[in-house]
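The values are calculated or read from the model by the stated rules, or taken from the named source; none is laboratory data. Because the structure is predicted, anything quoted here is derived from the model rather than measured. Heads up, the Cβs are rebuilt from the backbone with ideal geometry, glycines too, and the neighbour counts pull from every protein chain shown.
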Amino acid sequence: MKHPIDGIEAFIQIAELGSFNKAAEKLHVTQTGLTRRIQRLEAHVGLKLIDRTTRTVALTSIGREFMPEAQRMVDAVDRSFERLKTMSRFSTGDITIASVPSLMYGRLPRILRSYATRHPSNRVEILDRTSTLVIEAVRRRQAEFGLHVQPPNQPDLHNEVLVRDPFVVYCRNDHPLAGRPAIAWADLAGHDLITLGGSSGNRLLMEAQLSRSGIEVKTRFVVEYFSSAIGLASEGLGIAILVASLVENLRPDLAQIPLVDPIVDRPVSLIRRRGETLTPAAQALYNLIVRDLGPL
């Protein structure tokens, strides 16, 4: 049921000022308009709240009892509007986003540090998911937006490609391929590879290109996480084929070498529900990611 909040405000002003005329002036309405507000309020509650004669205005006993509750209601509405204005003005609020783990290991933390500096009171929950589950988290409203590496192909989602992230080789500095300025995919033949298991989109792209290059995958280790692949490569246990954005501050014992002939990359995209407005806090982070998650 719709409550006549304007009538409650009119009731409070009349009670505090003791005059319909003064209350009308403060609320910037005519006395007729003010009287109608009170009449609607009294009709809504089914009780007389104000006794008015040609000379006096006084609250009824019910009106006096209602006065503290009316003030609390108006104060609550005022606080709610102030909170919304603060959210709009300063982009405050808690948010949840979803991201593929590779971006959390690489470049996204730097962006989150900048966001935390600008919005120190905001709490960010990050759902580490595969690309497919990132899409599902956004569609099911578990996250306001997500970062993923696969095209969603859903008409209800907006997909914004930010950058195409190329594949590179990570290997120890003493590996035979370490001194090259670039490595062709065909040059990987005969070398031990460290590959990603599970449903990794990166693994599918890598294996597809190895197959096109006529290379039989010689895998000694299969891991689930990018950090595990880097750790094994640093021990000289094989070559890790990962994306360039994973390691910005490369370990001194590792070389990062571009893969060419052909250059293979993955799209890094932001995904959000089409036609829905993000909260100010989420929009502020979304804008930072669009600005900063660009080409290396």
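Being crowded, with 21+ Cβ neighbours inside 10 Å, in the same structural domain as ILE271 (by TED's automatic domain parsing) and touching a helix residue (DSSP H, G or I) at 6+ places or on another chain (Cβ under 7 Å) is the requirement here; does ALA137 meet it? Spelling it out, it is not the case that ALA137 is crowded, with 21+ Cβ neighbours inside 10 Å, in the same structural domain as ILE271 (by TED's automatic domain parsing) and touching a helix residue (DSSP H, G or I) at 6+ places or on another chain (Cβ under 7 Å). Within the stretch 143-185, being more than 19 Å from LEU242 (Cα to Cα), in contact with a Ser or Thr (Cβ under 7 Å, 6 or more places away or on another chain) and either of a type outside the set (Asp, Glu) or part of a loop (DSSP other than H, G, I, E, B) (or both) holds for ALA143, GLU144, GLY146, ASN159, VAL161. Within the stretch 80-100, the set of residues being of a type in the set (A, V, I, L, M, F, W, C) and at pLDDT 90 or above comprises ILE95, ILE97, ALA98.
How many of the residues making up the stretch 229-245 are at pLDDT below 85 and either surrounded by fewer than 16 Cβ atoms within 10 Å (Cβ to Cβ) or not in a strand (DSSP E or B) (or both)? Number satisfying all stated conditions: 2.
Being closer than 21 Å to LEU204 by Cβ and at pLDDT 90 or above is a condition met by no residue of the stretch 101-122. Scanning the stretch 1-56 for residues being within 19 Å of VAL77 (Cα to Cα) and assigned to a loop (DSSP other than H, G, I, E, B) gives a total of 4. For the structure I just gave you, tell me whether ARG55 is modelled with pLDDT of 90 or more and either in contact with a His (Cβ under 8 Å, 6 or more places away or on another chain) or among the basic types (Lys, Arg) (or both). When the stated conditions are applied, ARG55 does not pass them. Being within 24 Å of ARG164 (Cβ to Cβ), out of contact with any strand residue (DSSP E or B) (no Cβ under 7 Å at 6 or more places or on another chain) and touching a residue at least 24 places away in the same chain (Cβ under 8 Å) is a property that ARG107 has. Considering only residues in the stretch 58-79 that are of a type in the set (Val, Ile, Thr) and within 38 Å of the chain's Cα centre (by Cα), the one that is modelled with the highest pLDDT turns out to be VAL74.
Do the conditions hold for ILE257, that is, is it under 19 Å from the mean Cα position of the chain (by Cα), modelled with pLDDT of 85 or more and outside any loop (DSSP other than H, G, I, E, B)? Judged against the criteria, ILE257 is not a match. For the stretch 190-219, residues that are outside any strand (DSSP E or B), β-branched (Val, Ile, Thr) and modelled with pLDDT of 70 or more total 1.
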